[in-house]
Amino acid sequence: MKKEQFRQLSADDLIQKEKAFKKELFDLSYQRKMGQVEKPSRFRLLKRNIARILTIARENEIAEKNKNATK
């Protein structure tokens, strides 16, 4: 997913996506240990998507904090 698509999601949706990506990453690492990984490039993609989600969540948190501080 692109970062613009993540930005359109709500905070709850971001959390759900993050959990899904982390579970998939865990499953892939298990497959790696068994020697059955079909797409090793998927590791990189999942890690980047998790980082994007965490970045956007933090940006939203800071924006909300600044919005409350100006009131």
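Since every read-out is calculated from the coordinates, none of them should be taken as a lab result. Given the structure is predicted, the values throughout are model-derived calculations rather than measurements. Cβ coordinates were reconstructed from backbone atoms using ideal geometry, including for glycine residues, and neighbour counts include every protein chain displayed.
Just a few scattered comments:
- Filtered residues of the stretch 26-46 (kept if farther than 15 Å from residue 1 by Cβ and either part of a helix (DSSP H, G or I) or under 16 Å from the mean Cα position of the chain (by Cα) (or both)): 26, 27, 28, 29, 30, 31, 32, 33, 34, 41, 43
- Filtering the stretch 28-62 to residues that are of a type in the set (D, E, K, R) and surrounded by fewer than 11 Cβ atoms within 10 Å (Cβ to Cβ) leaves 33, 38, 39, 44, 58.
- Filter result for the condition that a residue is within 17 Å of residue 3 (Cα to Cα), touching a helix residue (DSSP H, G or I) at 6+ places or on another chain (Cβ under 9 Å) and without any contact (Cβ under 8 Å) to a residue 60 or more places away in the chain, over 57, 51: 57
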